1. In the stretch 33-40, is there at least one residue being closer than 24 Å to LEU238 by Cβ, of a type in the set (Val, Ile, Thr) and out of contact with any Asp or Glu (no Cβ under 6 Å at 6 or more places or on another chain)?
2. Test MET73 against the criterion of being surrounded by 14 or more Cβ atoms within 10 Å (Cβ to Cβ), within 23 Å of the chain's Cα centre (by Cα) and in a strand (DSSP E or B), and give yes or no.
3. Just name the residue that is most open to solvent (accessible area, probe 1.4 Å) out of those in the stretch 77-110 that are farther than 30 Å from GLU9 by Cα and hydrophobic (A, V, I, L, M, F, W, C).
4. Could you pull out the residue among GLU15, GLU68, GLU22 that is surrounded by 15 or more Cβ atoms within 10 Å (Cβ to Cβ) and at pLDDT below 90?
5. Anything in the stretch 217-245 that is in contact (Cβ under 8 Å) with a residue 12 or more places away in the chain, hydroxyl-bearing (Ser, Thr, Tyr) and either part of a helix (DSSP H, G or I) or out of contact with any strand residue (DSSP E or B) (no Cβ under 6 Å at 6 or more places or on another chain) (or both)? List them, or say none.
6. Is the stretch 31-53 home to any residue that is acidic (Asp, Glu) and closer than 23 Å to VAL97 by Cα?
7. Check the stretch 250-268 and report whether any residue there is open to solvent by less than 50 Å² (accessible area, probe 1.4 Å), polar (S, T, N, Q) and out of contact with any Leu (no Cβ under 6 Å at 6 or more places or on another chain).
8. Which one is modelled with the lowest pLDDT among residues in the stretch 218-249 that are open to solvent by less than 20 Å² (accessible area, probe 1.4 Å) and under 22 Å from GLN106 (Cβ atoms)?
Amino acid sequence: MVFPENIGENLSIDETSLSNGELYTIVTNKVAKGKKGALVAMIHGTKATDINAVLTKIPKKTREKVKEVTLDMADNMNLAMRKTFKQAKRVIDRFHVQKLVSDAVQEVRVALKRLALKEENEEIKKARKEKRIYRPATFKNGDTKKQLLARSRYLLFKPNSKWTDQQKQRASILFKECPKLKTAHDLSMMFRNCYENSNTRDEAKTSFDKWHKKIEEKNIDEFLSASESIRLHETTILNYFINRSTNASAESFNAKLKWFRTVVRGVRDKKFHLFRIAKLFG
């Protein structure tokens, strides 16, 4: 489905599952704020060639109106937008970039949790062999090491200024027992500050370079992978600092589609469901 009349200067692109895991690529106009006229295109599949083939049906002069497109870090989306809207700036959404770094922290935590579980299993085996009751060691907050790592998931997403008293106590124990995790959290917060304390593209570039250098110094595998990915997408990531545009409108639109699917109790007739989406948002 294509609605050339709905094109504006600022577009968003994202993917969503309509039914049974079938993915659709959705292009929306931010100005419409998820209402009538928001839908520019809805394309079956996520291949760059398929997206480009559909969107290039829109007249070139109409496509040239687009000045900016926000998207996630998927290479297929980036390629499709580069070919379709050649004159438009492509902006990778801040949330997806920060999630890449947050995921690196969680990967460190999960690896340590797996190691703690292995140690606990060995202790249980040893206790059984010696015919004694196994009693795990606990910290002053009542957590075992395994529980400490499991219950620290959410506090690692936040700066310490936003921790509750309970989280502060848990973090204090956690970072003492697992210094690698403290380093990972510090690196994550340093990256967050690159976004929050940079006012221009050049300032952000300088902050990112310092962060990349720190990653090389600490040499944590999970962060080295994230750093490399950010370097490879640096141009479109830095475009965020021109207008501070995000892909929130696309995420909001996808949420509306999911809500609509729930209201009608699922998708039984796909063609009719698409027809209704077109009438509501096209």
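The values are calculated or read from the model by the stated rules, or taken from the named source; none is laboratory data. Worth saying up front: this structure is predicted, and the values here are computed from it rather than measured. All Cβ positions, glycine included, derive from the backbone under ideal geometry; neighbour counts span all protein chains shown. Accessible surface is based on the protein model in full, side chains and every heavy atom, while ligands, DNA and RNA are left aside. Shrake-Rupley method; radii C 1.70, N 1.55, O 1.52, S 1.80 Å.
1. No, that holds for no residue.
2. The answer is no for MET73.
3. Only one residue fits best here, namely VAL110.
4. Numbers: GLU68 fails: at pLDDT below 90; GLU22 fails: surrounded by 15 or more Cβ atoms within 10 Å (Cβ to Cβ).
Being surrounded by 15 or more Cβ atoms within 10 Å (Cβ to Cβ) and at pLDDT below 90 holds for just one of GLU15, GLU68, GLU22, which is GLU15.
5. Of everything in the stretch 217-245, those that are in contact (Cβ under 8 Å) with a residue 12 or more places away in the chain, hydroxyl-bearing (Ser, Thr, Tyr) and either part of a helix (DSSP H, G or I) or out of contact with any strand residue (DSSP E or B) (no Cβ under 6 Å at 6 or more places or on another chain) (or both) turn out to be SER225, SER227, SER229, THR236, TYR240.
6. There is no residue in the stretch 31-53 that is acidic (Asp, Glu) and closer than 23 Å to VAL97 by Cα.
7. Yes, there is a match, as at least one residue in the stretch 250-268 is open to solvent by less than 50 Å² (accessible area, probe 1.4 Å), polar (S, T, N, Q) and out of contact with any Leu (no Cβ under 6 Å at 6 or more places or on another chain).
8. ASN247
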